[in-house]
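S.K.: Could you have a look at this structure, given as structure tokens, before my questions?
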Amino acid sequence: MTTPDRQSIPEHVAIIMDGNGRWANERGQSRTVGHRKGVESVRTIVRAAADAGVKYLTLFAFSSENWRRPEAEINDLFGLLKAFIRRDLAELHGQNVRIRVIGDRVALRSDILQLLLEAEETTKHNTALTLVIAFNYGSRDEIARAVASLARDVEIGLLKASAIDSQMIADRLDTAGMPDPDLIIRTSGEERLSNFLLWQAAYAELMFVPEYWPDFSRELFFAALERYAMRSRRFGGLSAAAVAMRS
Ligand code: FPP
């Protein structure tokens with residue numbers, strides 16, 4: 001399959017990688033096997049996004065609610081992320097990929113935090129694709145941290161409460177400086193955002209695909225980009241056709 005037409009490529013695609021467990025279950029395998037296969041899809045989609053000319057790819061790897069899972073599965077997911085960074089960092093760096101991590105870092109184990117910081121530091125000047133890994137991420141938590149940081153500035157007299165606007169809040173989110181997602185894809189047929197990029201998703205196109213994450217291929221990703229190109233985005237205004245009808 002050739003890469004989609006560059007003109008209508010979304011600048012920022014965010015993905016809720018769902019269905020690893022069900023994929024494994026349907027094959028009589030452990031959830032671990034599903035997550036491992038999920039990492040292969042991560043590699044495939046990072047490459048496909050870079051080839052298509054997407055500038056930001058955000059992947060929801062571990063949510064602040066995932067702490068409710070059994071300890072063994074949490075350790076498994078942490079281990080997979082560590083292995084991914086260790087094994088793939090050099091190659092990603094070679095592909096000019098910049099890595100950025102969003103989510104609450106305070107609660108993270110020091111070994112994971114160290115690796116993530118190293119990945120960000122090593123790749124910070126890269127310019128092809130920014131791979132944003134949402135790890136220990138939850139949107140409400142992110143917004144609460146941003147608001148607390150503004151409140152602290154008000155408390156010490158650096159800022160007036162009446163001066164706070166939406167740009168100031170956006171500037172304190174983990175995603176500060178990044179464009180909002182144009183397209184959010186969720187795999188596995190579930191149709192919800194599950195506390196992912198709630199602020200940033202204000203005008204995102206949402207796409208729910210039935211395939212489980214381990215089955216999400218380069219072809220399916222390109223097909224999603226093609227579908228995105230057919231959508232008409234109005235950002236609260238009128239479509240070009242509606243404007244033409246009025247004049
Ligand atoms: C959802 O499937 C997936 C996750 C909670 C984790 C996604 C993590 C990876 C693909 C691996 C590590 C990530 C990187 C970036 C290397 P689920 O377990 O909720 O599936 P289910 O809903 O079918 O049970």
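Readers should treat all values here as calculations from the given coordinates under stated rules, not as data from a laboratory. The structure displayed is predicted, hence computed values, not measured ones. All Cβ positions, glycine included, derive from the backbone under ideal geometry; neighbour counts span all protein chains shown.
S.K.: Select from the stretch 184-221 those chymotrypsin sites (Phe, Trp or Tyr not before Pro) which occupy a DSSP coil region and have at most 12 other Cβ atoms within 10 Å, ordered by residue number. Provide the component values of the computation, followed by the final result.
M.R.: Working: sites: Phe196, Trp199, Tyr203, Phe208, Tyr212, Phe216, Phe221; in loops: Phe196, Trp199, Tyr203, Tyr212, Phe216.
Sparse-neighbourhood loop chymotrypsin sites (Phe, Trp or Tyr not before Pro): Tyr203.
S.K.: So, one more: Using Cα pairs under 8 angstrom and six or more residues apart, how large is the relative contact order of the stretch 92-192, in percent?
M.R.: Working: 90 pairs, mean separation 28.5, N = 101.
It rounds to 28 percent for the stretch 92-192.
S.K.: Tell me what the chain gives for mean residue ellipticity at 222 nm when only DSSP H runs of n ≥ 4 count, each as -39,500 (n - 2.57), the sum divided by the residue total, rounded to 500 deg cm²/dmol. Let's see the in-between values first.
M.R.: Details: 8 runs with 110 residues, N = 247.
Mean residue ellipticity, 222 nm, calculated: -14500 deg cm²/dmol.
S.K.: How would you order 46-58, 145-157 from highest to lowest mean count of nearby Cβ atoms within 10 Å? Let's see the in-between values first.
M.R.: Working: 46-58: 20.5, 145-157: 12.6.
Ranking the peptides 46-58, 145-157 by packing returns 46-58, 145-157.
S.K.: Let me ask another. Would you mind giving the average projected area, over all directions, of the Cα convex hull of the stretch 76-156 in nm² with one decimal?
M.R.: Numbers: hull surface 25.9 nm².
Mean orientational projected area (the stretch 76-156, Cα hull): 6.5 nm².
S.K.: Shifting gears a bit: Mind running the shape call on the stretch 1-121? Use the C-alpha gyration tensor, a ≥ b ≥ c as the square roots of the eigenvalues: rounded below 1.5 for a/c, prolate if a/b tops b/c, oblate otherwise. Each step should come with its number before you reach the end.
M.R.: On the way: a/c = 1.90, a/b = 1.27, b/c = 1.49.
In terms of gyration-tensor shape, oblate.
S.K.: Quick one: work out Rg over Rh on the C-alpha atoms of the stretch 89-247, Rh as Kirkwood radius. Walk me through the numbers on the way to the answer.
M.R.: Values: Rg = 19.0 Å, Rh = 18.6 Å.
When Rh is taken as the Kirkwood radius, the ratio is 1.02.
S.K.: Any idea what the alpha-carbon Rg over 2.2 N^0.38 Å comes to for the stretch 163-241? The partial results should precede the final answer.
M.R.: On the way: Rg = 15.0 Å, N = 79, 2.2 N^0.38 = 11.6 Å.
Computed over Cα atoms of the stretch 163-241, the ratio equals 1.29.
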